[in-house]
Amino acid sequence: MVEPYEGAKLERLAADAATVVARYPEEPRSALLPLLHLVQSEDGFVSPDGIAFCARTLGLSTAEVSAVATFYSQYKRHPNGEYTVGVCTNTLCAVMGGDAIFEELSEHLGVGHDETTPDGAITLERIECNAACDYAPVMMVNWEFFDNQTPESATAVVDGLRAGTPVAPTRGASSVCSFKQMSRVLAGFPDGRADEGPGAGEATLAGLRLAKKKGWKAPAYAGAGDAETDESPAADARPGLAAGRHSSVDTPSAPPSGGTADTPTGRDASKEA
Amino acid sequence: MTTLTPVLSAGWDAVRSWSIEAYRHGGGYQALRTALRMDAADLVTAVKDSGLRGRGGAGFPTGMKWGFLPAPDGGPRYLVVNADESEPGTCKDIPLMMASPHLLVEGAIITSYAIGCHHAFIYVRGEVLHVYRRLLQAVQEAYDAGYLGKDVLGSGYDLDLTVHAGAGAYICGEETALLDSLEGRRGQPRLKPPFPAVAGLYGRPTVINNVESIASVPSIVRGGADWFRSMGTERSTGYGLFSLSGHVTRPGQYEAPLGITLRELLDMAGGVRKGHTLKFWTPGGSSTPLFTAEHLDVPLDYESVGAAGSMLGTRALQIFDDTTCVVRAITRWAEFYAHESCGKCTPCREGTYWMKQILARIEHGEGTMADLDTLLDVCDNILGRAFCALGDGATSTITSGIALFRDEFEAHVTGGGCPFDPAAAAAFHYVPRSARADVTAMSGVGSTAHATGVRR
């Protein structure tokens, strides 16, 4: 096999790859996904060199590595833009306006799904649900959250990215990093930015804020803290529940003495195996 | 009246809530100290007795899953946390890990101790950069504090915890596909049995649990099984995150006892979008059969939702009002399943491919009445015949959608297109650019009986 990389780049990658592989002492092949993120952090996509490097590092064939790389949507087979702009067009976001946002961006940028602007700044994608449905419609830029978007706000974001001005996600670091920088983090190399940005957005806190306003709480822990926790909380010390404390729904909460369908008896399977 | 019960979410509004200091200030890592003084088997029993059921969708009793591990044979056993949250509508684990990653880390340490694991993994989807940053930092803080590594808190117990980023594949949320992915392969499901408890990661006994399940463990250790059972229903115990999204006034995370109803949750969330009425909703993500306003009072617990014909799933309550075209919604979900089918088994690979195309032509007014029967036939050939639950899930909204809204499907056929205006459903005002909007404008169903049929 031809040496995929040379010189300082090879040294740097080899050292990083060794760090990644060391996380998986039982089975080096587990390092393959992070290694593919790592080569994307160098080349901006999973290049033929990158595939050869992963194969060499893990003792796999290039076909085996390619088979994995082509399975996952975050691995790019062509040079990616500096920013992946993904508009969620799964059902809920699409209905809430994601389709309109994607159309607006596609027309504004002059590119379609999985295409990159000629200046190499932006790769536009339709993405699937990104677990932020309570902030729909959602857009991701290099996998940072841009919540509650409109065609206007999304256009302003991509204009800012193309102009090279710092652009901040609504929940995430204080500015969006590049595709290569992102890929390095995903390979497991922290960039020191975990403390930036908020802990939660408005929707995340909606229930907690209402509960505080109404004075609603979960029942207090029986006893005060760990000192009170029984050595065997499974023991039938039901009095641990304070007298007069109710289940917060109407259904009886105490299990029948014979157990339920889910807890057929008091048997401990771990002791029977 | 049911009220909210913040446990997992209680600390999410703290200053720097993601830091180890904030987490400890709220009582974090007390449960770990308690757990390390307990016998591991007693911890398993405690979680069994709590009745905690898997929060990732299937609802399998968590403690029982732990109890399925064979007796120690001297070799390694693993905990793998499924943090690959990708089910459409599901948005609870990602905000939990963003706001309070230590809740998951503490739960993972206690669980590992309980099952005798010395190397645990958190498999988080790769498309959430800042969440991954926070998890990496939380794990490092836990090592620095002596909660991870050699001799955890002087107990003699050793544990390493590795946070592993995926790379974009919904199927990796299926537990055996996740294991293959974690082993550096294409994420395709494995044949079961053997179950992961017997032969999981690297062929060794493995417990795989959802983020919210594991994050619930510290509270069970602190409060005890009875405390946990004091919330929820008899067979669906405890609290859970209910995620409201879509056409609702205040979407978001509402942590409540299992058994709360959508009517109660909607009251808390300010109701359906002003001026509109509820048309359909998913109780647990896009793999669960649709509900309508008739189901507003179904208790959201495993048994009641199942008895009403759907599944509690991940409590992903996607709310769609009367402006939403159900055919458009279902077609888009079908496109998702076709995109995410891993291709391993024929019913799912071929079935989702055809369902997507049949639905697309119905949506765009090019379908026939016979297409509806063909769709149901395809669903029938997938359900129960696919390799994993992805195929089953792909059929849920189609079969339930046709059962509930057959006239609306038919209106697309007879009317030659979609009678709905997508702009009316959006969260903002805009002038549609798409061809779809033109089709909508010329929709021919206005003069027929279908018009009343589709505008529920």
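Here, each number is a calculation from the coordinates, and none is a lab measurement. Small disclaimer: the values here were computed from a predicted structure and weren't measured. FYI the Cβ positions are ideal-geometry reconstructions off the backbone, even for glycines, and counts take in every protein chain you see.
A few remarks follow.
- A:Ser61-B:Ala293 pseudo-label distance in nm [points 7 Å out on the Cα-to-Cβ vector]: 6.1
- Helix-only [θ]222 nm of chain B, DSSP H runs n ≥ 4, -39500 (n - 2.57) each, per residue, nearest 500: -13000 deg cm²/dmol
- Gyration tensor verdict on region A:7-69 (Cα atoms; rounded if a/c is under 1.5, prolate if a/b is larger than b/c, oblate otherwise): oblate
- Taking the Cα centre of the protein assembly as shown as origin and assigning +1 to Lys and Arg Cβ atoms and -1 to Asp and Glu Cβ atoms, the resulting dipole is close to 820 debye.
- Which of B:Leu390, B:Tyr113, B:Ser17, positive extreme of dipole for chain B (C-beta unit charges): B:Ser17
- DSSP beta bridges confined to chain B are antiparallel in about 40 percent of cases.
- Shielding of peptide B:161-174 by partners, expressed as the average count of other chain Cβ atoms within 10 Å per residue Cβ, is 5.
- Charge tally in the Cβ shell below 11 Å around A:Tyr135, where Lys, Arg are +1 and Asp, Glu are -1, A:Tyr135 excluded: -2
- Efficiency of FRET from Cβ geometry, A:Glu3 and B:Met1, R₀ 51 Å, rounded to 0.05: 0.15
- Restricting region A:47-79 to trypsin sites (Lys or Arg not before Pro) that sit in a DSSP loop and have at most 14 other Cβ atoms within 10 Å of their own Cβ leaves A:Arg77.
- Within region A:83-178, percent of DSSP bridges classed antiparallel, to nearest 5: 60
- Most positive-pole-ward Cα, A:Phe102, A:Thr165, A:Asn90, against dipole of region A:83-178 from beta carbon charges: A:Thr165
- Among beta bridges that DSSP assigns inside the protein assembly as shown, antiparallel share in %, nearest 5: 45
- Whether region B:20-224 is rounded, prolate or oblate, judged on the alpha carbon gyration tensor where a/c under 1.5 counts as rounded: rounded
- Rounded to the nearest 20, the size of the Cβ-charge dipole of chain B about its Cα centre is 460 debye, with Lys and Arg at +1 and Asp and Glu at -1.
- Averaged over B:322-332, number of beta-carbon atoms from partner chains that fall within 10 Å: 2
- 12 Å reach of a label modelled at B:Met369, 7 Å along Cα-to-Cβ, counting backbone N of region B:410-426: B:410-411, B:413-414
- Neighbourhood net charge (13 Å Cβ-Cβ; Lys/Arg +1, Asp/Glu -1) for B:Arg190: 0
- Packing-based order for B:57-63, A:210-216, A:38-44, B:263-269, using average beta carbon neighbours within 10 Å, highest first: A:38-44, B:57-63, B:263-269, A:210-216
- On the basis of the beta-carbon distance and an R0 of 35 Å, A:Ser174 and B:His339 show a calculated FRET efficiency of 0.60.
- Stokes-Einstein D (µm²/s) once Rh is taken as the Kirkwood radius of the protein assembly as shown over alpha-carbon pairs, at 10 °C in 1.306 mPa s: 61
- Rounded to 10°, Cα long-axis angle of helix B:389-415 versus longest principal axis of chain B: 20
- Protection proxy ranking of B:162-171, B:83-92, B:18-27 - average other beta-carbon atoms within 10 Å, highest first: B:83-92, B:162-171, B:18-27
- Take each residue in B:239-245, count the other chain C-beta atoms within 10 Å of its C-beta, and the mean is 4.
- Cα-Cα over 21 Å, subset of A:Lys217/B:Lys48; B:Lys65/B:Lys192; B:Lys48/B:Lys92; B:Lys92/B:Lys150; A:Lys217/B:Lys279: A:Lys217/B:Lys48; B:Lys48/B:Lys92; B:Lys92/B:Lys150; A:Lys217/B:Lys279
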